[in-house]
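Engineer: Below you'll find the structure I mean.
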Amino acid sequence: MIRTGNRTFEEMKKQVFKKRAREKIRKAEREGIAFVRIDTEDSIHEWIDDIYRCNLSALERQGREGAHPDSYKDVYLSELVKTKRNLGAGFAIYGAVFNSHLVSYMIVQEFGRLMQATKAMSDTRYLRKCPNDALIAHIIRESCERGFRWFEYGFDRVKIGGRIPSLHSSINEFKFKFGFKEVPLFIYRLGLTYSGRLLQHVFSMREYAIAGSAYVPESVRNFLWRFYGPRRRSFSAFLYT
């Protein structure tokens, strides 16, 4: 996490960002990287082709071709739109743009005084233009100017009494050069009975096995969501109470 409360972006850039991060930002500016905030259903539809192209490129780079739902444009579009409807103003996609094409994006959710990046994808062909560096700096600027106290970007894998080596050391390096710090968060889990674990498994699988399957027509998925969506939200609300 990085603390953005009571700081200006210029202070952050001078005092918190590493020299390498500032160099990458300047390079992106010279290359002509611009930014867009995708925060309506119409704009999601407008940019979905470029978003999908970033997904395919990133998955190929990571060796994860065919990952669900990122590799299926219609399903991914449906999930983005549904999430936007559920979260409203607390959900937005920030994108880096080059020559009118989205070349990198991050999904950001807002909770009170916290901004949280929950997903990031980019087109490999444009990485030399440093769009990811410019984009994360742009979002940090947004967090400072809009009065958010913290900006959180991803979790590392840890366990009680020790550390599990990160799967994404290069991502950690990317974050640390912008001044992100590790902040330990204790996660408490409910003890479930066998029936409770079975129910949890059924609900967690519904997006992949039934309502979110890429091979199920959208009309059928929408019908199934009427049965699975409300129950899932009620169950989640109970867990977070």
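The values are calculated or read from the model by the stated rules, or taken from the named source; none is laboratory data. It should be emphasised that the depicted structure is a prediction, and the values quoted were computed from it without experimental measurement. Neighbour counts are summed over all protein chains in view; Cβ atoms, including those assigned to glycine, are modelled from backbone coordinates with ideal geometry. We work out accessible area using only protein heavy atoms, side chains counted, and drop any ligands, DNA or RNA first. Shrake-Rupley method; radii C 1.70, N 1.55, O 1.52, S 1.80 Å.
Engineer: How many residues, within the range 25-66, are surrounded by 14 or more Cβ atoms within 10 Å (Cβ to Cβ), of a type outside the set (Asp, Glu) and in a loop (DSSP other than H, G, I, E, B)?
Structural biologist: Residues flagged as surrounded by 14 or more Cβ atoms within 10 Å (Cβ to Cβ), of a type outside the set (Asp, Glu) and in a loop (DSSP other than H, G, I, E, B) within the range 25-66 amount to 1.
Engineer: Just checking, which of ARG3, ARG30 is within 20 Å of GLU152 (Cα to Cα) and either at pLDDT below 95 or not acidic (Asp, Glu) (or both)?
Structural biologist: Values: ARG30 fails: within 20 Å of GLU152 (Cα to Cα).
From the options ARG3, ARG30, the qualifying one is ARG3.
Engineer: Would you be able to say whether some residue in the range 74-82 is open to solvent by 10 Å² or more (accessible area, probe 1.4 Å), of a type in the set (S, T, N, Q) and under 14 Å from the mean Cα position of the chain (by Cα)?
Structural biologist: Checked against the condition, which is being open to solvent by 10 Å² or more (accessible area, probe 1.4 Å), of a type in the set (S, T, N, Q) and under 14 Å from the mean Cα position of the chain (by Cα), the range 74-82 yields no hits at all.
Engineer: Anything in the range 124-140 that is open to solvent by 10 Å² or more (accessible area, probe 1.4 Å) and within 17 Å of the chain's Cα centre (by Cα)? List them, or say none.
Structural biologist: Hits for the range 124-140 are ASN132, ASP133, HIS138.
Engineer: Could you tell me whether VAL75 is hydrophobic (A, V, I, L, M, F, W, C), within 18 Å of THR118 (Cβ to Cβ) and at pLDDT below 95?
Structural biologist: Yes: the conditions hold for VAL75.
Engineer: I would also like to ask the following. Checking LEU102 against (1) of a type outside the set (Phe, Trp, Tyr); (2) modelled with pLDDT under 95; (3) within 14 Å of ILE33 (Cα to Cα): exactly one of these is not met. Which one?
Structural biologist: For LEU102, the exception is condition (2).
Engineer: Going by the conditions given, is TYR105 outside any loop (DSSP other than H, G, I, E, B), within 16 Å of LEU56 (Cα to Cα) and open to solvent by less than 10 Å² (accessible area, probe 1.4 Å)?
Structural biologist: Against the criterion (outside any loop (DSSP other than H, G, I, E, B), within 16 Å of LEU56 (Cα to Cα) and open to solvent by less than 10 Å² (accessible area, probe 1.4 Å)), TYR105 qualifies.
Engineer: Can you tell me which residue is surrounded by the fewest Cβ atoms within 10 Å (Cβ to Cβ) among those in the range 87-102 that are touching a residue at least 60 places away in the same chain (Cβ under 8 Å) and either outside any strand (DSSP E or B) or not hydrophobic (A, V, I, L, M, F, W, C) (or both)? Outline the logic, then answer.
Structural biologist: Going through the range 87-102, the residues touching a residue at least 60 places away in the same chain (Cβ under 8 Å) turn out to be 95-99, 102.
From the residues that got through so far, the ones that are either outside any strand (DSSP E or B) or not hydrophobic (A, V, I, L, M, F, W, C) (or both) too are 95, 99.
Values: GLY95: 26, ASN99: 8.
If we take residues in the range 87-102 being touching a residue at least 60 places away in the same chain (Cβ under 8 Å) and either outside any strand (DSSP E or B) or not hydrophobic (A, V, I, L, M, F, W, C) (or both), then ASN99 is surrounded by the fewest Cβ atoms within 10 Å (Cβ to Cβ).
Engineer: Collect the residues in the range 108-123 that are under 9 Å from the mean Cα position of the chain (by Cα) and crowded, with 21+ Cβ neighbours inside 10 Å, keeping them in residue-number order.
Structural biologist: Result: VAL108, MET121.
Engineer: Quick check, is GLU11 free of Cβ contacts under 8 Å to residues at least 24 places away in the same chain and outside any helix (DSSP H, G or I)?
Structural biologist: Answer is no for this residue.
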